[in-house]
1. Suppose all protein chains stay in the model; what accessible area per residue would a 1.4 Å probe give for chain B, in Å²?
2. Using a 1.4 Å probe on the heavy atoms of the protein chains only, list every residue of region A:413-441 that has 50 Å² or more less accessible area in the complete assembly than in its chain alone.
3. Find the centroid of the Cα atoms in region B:107-134 and in region A:436-475, then give the distance between the two in whole Å.
4. Please compute the net charge surrounding B:A221, taking Lys and Arg as +1 and Asp and Glu as -1 over other residues with Cβ under 13 Å from its Cβ.
5. Based only on Cα atoms, what Rg/Rh ratio does region A:126-278 have, Rh being taken as Kirkwood's radius?
6. From the phi of every residue in region A:340-355, what ³J(HN,Hα) in whole Hz does the Karplus formula 6.51 cos²θ - 1.76 cosθ + 1.60 yield, where θ is phi - 60° and glycine or proline is x?
7. Quick one: Cα centre-to-centre distance for region B:509-573 and region A:30-50, in angstrom?
8. Quick one: give the max-minus-min coordinate of the C-alpha atoms of region B:433-569 along each principal axis, largest first, in Å.
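The values are calculated or read from the model by the stated rules, or taken from the named source; none is laboratory data. These figures come from a predicted structure and were not determined experimentally. All Cβ positions, glycine included, derive from the backbone under ideal geometry; neighbour counts span all protein chains shown. For the accessible areas, the whole protein counts, side chains as well, though only heavy atoms, and no ligand, DNA or RNA atoms are used. Shrake-Rupley method; radii C 1.70, N 1.55, O 1.52, S 1.80 Å.
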Protein chains: 2
Amino acid sequence: MADTSAYVPPVDDYAFLFAEAFGEDVVARATGGALSAEDAVDALAAAGELASEVLAPLNMSGDREGVTVIDGQAKTPAGFPEAYRAVVEAGWITAEAPESAGGDGLPALVQAGLGEMWNAANTSFALCSALTTGAIHALDAYASDELREQYLTKLVSGEWTGTMNLTEPQAGTDLGAIRTMATPNDDGTWSLKGQKIFITWGDHDVADNIVHLVLARTPDAPAGAKGISLFVAPKFLPDASGAPGERNAITTVSVEHKLGIHGSPTCVLDYDGATGFLVGELHGGLAGMFVMMNSARVGMGLQATGISDRAYQRSRAYAEERMQGSVLDRPDGTPIAEHPDVRRLLLSMSSEISAMRALGVYVGDLFDRAEDADGIRLAELFVPIFKGWTTEEALRITSDAIQVHGGMGFIEESGAPQHYRDARIMPIYEGTTAIQSNDLIGRKVIRDGGATVARVLDEVAEATAALEGLDHPVAARTAERLERARVAAEAATAQLIAFGMTRDAYAVSVPYLMLLGFVAGGLMHARMLAATLAHETQTDADARRIRDADAYGAHHLSRVAGLADVVAAGEIG
Amino acid sequence: MADTSAYVPPVDDYAFLFAEAFGEDVVARATGGALSAEDAVDALAAAGELASEVLAPLNMSGDREGVTVIDGQAKTPAGFPEAYRAVVEAGWITAEAPESAGGDGLPALVQAGLGEMWNAANTSFALCSALTTGAIHALDAYASDELREQYLTKLVSGEWTGTMNLTEPQAGTDLGAIRTMATPNDDGTWSLKGQKIFITWGDHDVADNIVHLVLARTPDAPAGAKGISLFVAPKFLPDASGAPGERNAITTVSVEHKLGIHGSPTCVLDYDGATGFLVGELHGGLAGMFVMMNSARVGMGLQATGISDRAYQRSRAYAEERMQGSVLDRPDGTPIAEHPDVRRLLLSMSSEISAMRALGVYVGDLFDRAEDADGIRLAELFVPIFKGWTTEEALRITSDAIQVHGGMGFIEESGAPQHYRDARIMPIYEGTTAIQSNDLIGRKVIRDGGATVARVLDEVAEATAALEGLDHPVAARTAERLERARVAAEAATAQLIAFGMTRDAYAVSVPYLMLLGFVAGGLMHARMLAATLAHETQTDADARRIRDADAYGAHHLSRVAGLADVVAAGEIG
């Protein structure tokens, strides 16, 4: 069997996105000239080397070995602790942390590239840093100077890792139902008691300490979401020197037996009078969590892009080596990559992945540029779209990657099943697709009467007009397809607003989210296509981009009208 | 956690399909009155009891335990041998075998119900009998009296099981590349040498002997598919009394480490001079395999229906018990089944499963009634559509079943992941979806200029007209949606025929197959809806059928137009 496990970081694609696709050097724009596209590409090249040489080789072995709990201590797969040290020593944790927290504050659009690569190389492993980054954002926003000094600095340096302790058996999507109790101690600390489940990287052996951010209820707190507070509770309480000291009363009960991401320790944690420290205002816990939600959800979109690309790379490598049968014009046996249907699958995948990747940069750029309420609204509109659309579509892409392999795709040794299994959690965690779509229609579409969506559709119309001015058949086809999609999106948005905040709207919010995702992908291809066709002579990469735009239009924009029909139907009586 | 593993056989649905949905008692029609719908329902009820009480409880344990090979002998999961004996003793193997082979020859449309139930209860287990049935068909068509006496009788009684040995490492989809050699012995037998992979139930411990049907090449045979012959090679050579005697030179090298169907032994078999017996004509091996292909492929559609329904039943049971959050009109906490998006998912699933189930009966009925070349052509048109469409859609349905569970759906103990993993092989084995679609467009659409498809679309037009005559909003909506789908199907068919046998056609053959699948599902709902609305007073089951028809139109017929756009695009340059 061909070795299809190599990971090739898409550095060239990011170079194109940073320097050309959006009409200017967007890295320079985001950093006021402090960094250029070239600098960012250098950073991605270095990260890509680490990702492909250190992290990617541990992906399948981590899946097979999984996580074990020995004497109440979670043990990660072989190689993970060393790999974590390599990431820390190369400075990547610090690079992604905001300057206000003592990090390098790389712009979000550069972090898009990093996020994709870490996740493509090894999703289970990448989750550790993703959770740490979330904890950094929450502490940076709300923690007292003392907590910043004790915990935030250690997270930013990568010495310690972070977690989010939200879910309980009866409180999943509905965090208002949380029962973990925090009772005040005489010394100003709190005593935490309760059980938390689904805690990603909740225990491990890759760093010296773990900083848990814990949602809990306090005595006499108001019922529901308004009575939730946020606490820090470390695995080991810092001693006088700040080093990990006494073990806190937090027990790792078990790790979950999951469909995928076997290398990531998903823990059940029992808090039995654990010492905690209040972060921010009493009863302000959910606000503390929401502060990290944008970046965490955007991170999920990057994870979806990464897993999708790894699955695609693997299936393309297999298809280029696997000889089987004959096609019409190659009767003597051909690599299956040249069979028309395998080629269709590969083009369907690659064209969607390139749209996802561009959208990650685009959304990062919106956040980097957001200066006023309008800019923030536009950036935030895309968070649920990017998270929901990419994670749902990653299911199909990782499934197609199996299909390309034929029977071999069902065999674990081929590597294809792992991506399919790993991807399945993405439309669930960090808010299910339904949660994303409720956020989208409630807070971001119906509330402003569709004004922000209209801005995006105006940009689609501009991009379409730009393509119409080009003398190229793919530009003409793409413009025509995008215009039809835009019209359908306009109608669906009007329909949704007409529904208002009713069951009809919530019953079709996911199809509506997906519709906007496909349109956003089309906008990305329109921008990339225009930039590509501006080249005087065309390279292989240019030819690939033109083909991807065409394939995206044929295979994905074609799905928009049907989704608009679903929206029009509302809830089925 | 709620126990969601119970399986409720859909006997009532089959009662409706047999007696009402198609306007008359189709069982009586298929059997010339020998059996009635009521008789068939009694049979399904008995089978359903065995399926739910004996087979279903072994589904998850079989997945966990998997298959091991000890001293060259495959060992199936605990309970499988006893369950197999129960199936044999109840007479189900014999019931499904054709009368010409000594079986009871239940009509295909009744076997549709059986096939769905066996697979819903325990797909891994059900594969054993499915393969035996295939072997029975092949031997019944081609074997000499001596081979019939020695092997066919034992298969029909269920004493022994059968397998198909087709695939080799270099010969998957392309069977012409087979290298296993059969050299003639002096006594008229053959000596088989080579390695076969992906052999479903290739070795096990549930019955006394295994009858392998093996494709092999003979010395001096023509190259490619025309040089392949079919042989019988038993695990144990029968002794003078016909009982299993000397072990044949067939070694179980290993069982595959698969994504799913862990309870089904997928074997690598090594033939090292094994004794084989020629079946049918020398070099006529592929014809021998093709004879069982229709029933095997229809069987895959039933498997897809069964797995989909089991996943649906599980997720619905979970959603009805899981309390979480509040919805607009139920602020005090509600079962998630009443959340608008969960309800959307459940309706999307149930409406498609009911279409699949009806299509299984419809296709069985076409085969039961096929009397001339025209009838056979019509029946055979549906084979790739039913196999391809249902197995592809089962991926989405089993994925939706996970989504309904939220985070719990990613945990293996919930049972939801198993269906997702098990289902993933279905669009691959018995011919990938690309193979189905090539068969569809090549042999069944382009060859007759679309005449057979046109007959189906005429039936769609008739069913639409019948709905238009009914005074009911769902009938009106369904008619309108079905008419749009029919027009799109007509255009796509014309486009395909215009492409001819070119890369453009093969590059969009899968989308075209899916399009016809959705239209066929719409036809089923139109027929069921008309039969339901004919009732004077409406039961809960009637209300469910009306709702399913509406949901199918909104969520699935809406996909047809986009697929027609994909077909129109042809191959991406």
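1. Details: 19330 Å² over 573 residues.
Accessible surface, normalised per residue, equals 34 Å².
2. Those are A:Y420, A:R424, A:I428, which lose 50 Å² or more relative to the chain on its own.
3. Spelled out, the Cα-based centre of one part sits 49 Å from the other.
4. Summing Lys/Arg as +1 and Asp/Glu as -1 gives +1.
5. On the way: Rg = 14.5 Å, Rh = 15.5 Å.
Here the Rg-to-Rh quotient is 0.94.
6. 3J(HN,Hα) across region A:340-355, in whole Hz: x, 6, 5, 4, 4, 4, 5, 5, 4, 5, 5, 5, 7, 5, 5, 5.
7. So the two Cα centres are separated by 50 Å.
8. 53, 24, 21
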